[in-house]
Amino acid sequence: MQLVVARIGRAHGIKGEVTVEVRTDEPELRLGPGAVLATDPAAAGPLTIESGRVHSGRLLLRFEGVRDRNAAEALRNTLLIAEVDPEELPEDPDEYYDHQLMDLDVVLADGTEIGRITEISHLPSQDLFIVERPDGSEVMIPFVEEIVTEIDLAEQKAVIDPPPGLIDDSEAEIASSREDES
């Protein structure tokens, strides 16, 4: 199974280093020296990581055969893809790979069916489950501990405790109103 682990950013310096936007919780495992990564577009790779370092809070990588700024800049926006055993699990028991969460049934604690996870959106502040409801509509559920109370991979379900209004607009609570201020 293939996982996107990073996106190459701009060139850094004149010796072929590039910045990378890390898209894995395990960069030391996936982006270490010697790692061979497939690419999207495929014509850019495969790429072998020669070295890596952190500079001003950003990860910089150098690939074998990329020796100057022009070659590094040509890789900009290329996705780096690692081959991962589908049975492999993250080290932390509270972490999951996207492929483990896809197609899980989403239910309330009482067993009420909400839908099925069809997509996972990775945003800067949190991840979102995109859930397709039985009627074909979609609802976005923040993947945070307060809302997603349990992930049961054996039962293929995610149990949620949504705040009022997240699932059903008619249950939404208005916290304040401009009319109340006058």
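Structure data summary
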read-out	value
Dipole of the stretch 1-62, positive direction: furthest Cα of LEU31, HIS55, MET1, with charges on the beta-carbon	HIS55
Solvent-accessible surface (1.4 angstrom probe) belonging to HIS122, in square angstrom, nearest 10	110 Å²
Most to least accessible of LYS15, LYS157 (protein chains only, probe 1.4 Å)	LYS15, LYS157
Evaluated at q = 0.13 Å⁻¹: base-10 log I(q)/I(0), Debye formula over Cα of the stretch 71-162	-0.51
Computed FRET value (nearest 0.05) for THR48 with ASP110, which takes r as the C-beta separation and R₀ as 45 Å	0.30
Stokes-Einstein D in µm²/s, Kirkwood radius over Cα pairs - the stretch 1-60 at 4 °C with 1.567 mPa s viscosity	108 µm²/s
Intensity falloff of the stretch 1-157 expressed as log10 I(q)/I(0), Debye formula with alpha-carbon point scatterers, at q = 0.11, 0.13, 0.14, 0.18 Å⁻¹	-0.54, -0.70, -0.78, -1.05
Estimated Rh, the stretch 17-95: Kirkwood, alpha-carbon pairs, angstrom	13.4 Å
Heavy-atom surface of the chain, accessible at 1.4 Å and reported per residue (Å²)	62 Å²
Cα centre as origin, Lys/Arg/Asp/Glu Cβ charges: the chain dipole, Debye	1940 debye
CD proxy at 222 nm, helix term only [per DSSP H run n ≥ 4: -39500 (n - 2.57); per residue of the chain; nearest 500]	-1500 deg cm²/dmol
Carbon/sulfur fraction of accessible area - the stretch 1-157, other protein chains in place, 1.4 Å, %	48 percent
Förster radius 22 Å - calculated FRET efficiency between GLU145 and ARG7, Cβ distance, rounded to 0.05	0.20
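The values are calculated or read from the model by the stated rules, or taken from the named source; none is laboratory data. No experiment lies behind these values; they were computed from the predicted model shown. Quick reminder, even Gly has a Cβ in these numbers, built from the backbone with ideal geometry, and neighbours come from all protein chains shown. For the accessible areas, the whole protein counts, side chains as well, though only heavy atoms, and no ligand, DNA or RNA atoms are used. Shrake-Rupley method; radii C 1.70, N 1.55, O 1.52, S 1.80 Å.
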